[in-house]
Structure formats: C-alpha cells, structure tokens
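What follows is a short report on a single structure.
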Amino acid sequence: MRGYSVVRMRRTAESVPMNDQHEERTDDRTMGSEPKFRIRACYTDATVTVYQAYRPEIGRPAARTGRFPSAWKRDRMTWIKPSFLWMMYRCGWGTKEGQETVVAVEIDRAGFEWALRNACLSHYVPGLHADRASWKRQLRQAPARVQWDPERDLHHQPLPHRSLQLGLAGEAAARYADEWTRGIEDVTPLATEVHRLVRAGEPERAAGLLPPERPYPVADGMLAHLLARPGGPGLRPPR
C-alpha cells in the first residue's frame, strides 16, 4: 500500500493541475467569490483526503496498518470530512473524549464521487424534494447522506460558506473501509501544533501548516440533489 503524508499532499497540491471536469456551479454565493456550497479538499488526480477522529484504540491501529481494525463497526454510520478545520472544530483539536486520535484518510476519488451521487440530503428542503414523505424514504434507502455545516476558521468561528459532511452507512461504509481507502495517517501531532500556534497568537504560522484544500472539481449536476438555497426552508442556521 502506498504511504500517505500530509507533507506529500502539500507538495503535490502545488504541482497537480486542476481536473478537467467542470466544477459544480451555483448562484448561491457568499461575500467574495466563494460559493455557499462547494467541496474544498486536499486531493490528487486519483485520491481525496478526508478526516475523522477516533479513540486511540481505533485511530492508532488504523494509522499503523493503513486499514481500520476489527473494532471499527461497519454496521454504523461513519462521517467523513474533507475540511481539516471543520474536523478540528468537531473534535476540539483532538481533545474531546473519544476523539483523541485524528486521522487523515486518503480514499479513491471514484468511491468518494459514488457516495456523493448516491447520497441524500440530511434534511428536507421544499422544492428540492417532492414532499417530506419521499425525502424520508430516500434518506432511509440511501447508502450515504450529506450535511452542509458552516465552515470554521482557525478560532472555530463560523464562516459564511458551508463545509461538506458525508455520512456513510451500509454498503458505502463497507466500501469505504475495504475498497476505497488507500492510506491512513495519524495527524494528531499536526492538530496539536496548529492548536498551539493559535493559542500562542501566531495565526499566520498556524495557517501555514494547514493541508492545502482547493475547490474539488465535480461533474456538472453531480451535486444538484444535495444543494439547498441559502436562507431557504430546511437549511439549518449556523451552530
């Protein structure tokens, strides 16, 4: 199995050109040029990096072997996040109980995009879904679900644009663990160091250590079933 490294990904991002696929476009824009809904990730031509946080009994063996251990439950929904800073917000820089080990998981882009195509939005949106009953049916049957939460800055303050959270269950969770994963790295030391610099009042140095996340190119229409208009019904306020 090919080794994974955030440092390697940082260097690769400087040399890999944008994919020729069209980016998903939307009129839902925030201040500046950042769309309200857009996937930003660290990726190569073949893989994309997502983040998770586990208790050490799961996270450390996973990083050591590059595979999730038997204690990792394939029958439970697992959430993956392409945003490093949103993961830091969720796990408290790796300080929250049960989330002490932060891992960067490099997965096949083909698998990631399969999950997106087969996902259902985690909340009901009139106009996007035929009715609440059909949305519930789709949500129950879908192997993946998508949630858009406010992106976070270095101080965990919410930003105007949203960050993708992708929940995998059933077939998607099993394929994530057994087929899509190409490498797993323990990035807890990186989380700890970035957090130290933020607390020391050195945000520029902290930002310089962040993984290089860029707009992720997706085919036209791939996210159409996963978008909600800003301020529209069903879109949860920032939290």
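Readers should treat all values here as calculations from the given coordinates under stated rules, not as data from a laboratory. Quick caveat, the model's predicted, so the values are computed rather than measured. Glycine also receives a Cβ, built like all others from the backbone with ideal geometry; neighbour counts cover every protein chain displayed.
The table below lists the values:
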read-out	value
Cα lying deepest toward the dipole's positive end in segment 135-218, options Pro203, Leu154, Leu166, charges on Cβ	Leu166
Contour excess over end-to-end distance, with Cα ends at His156 and Ser134 and 0.36 nm allotted per residue	4.4 nm
Radius, Kirkwood style, for segment 145-202 when every pair of distinct Cα atoms is counted (Å)	14.2
Whole-angstrom gap from segment 83-110 to segment 166-223, using each part's C-alpha centre	7
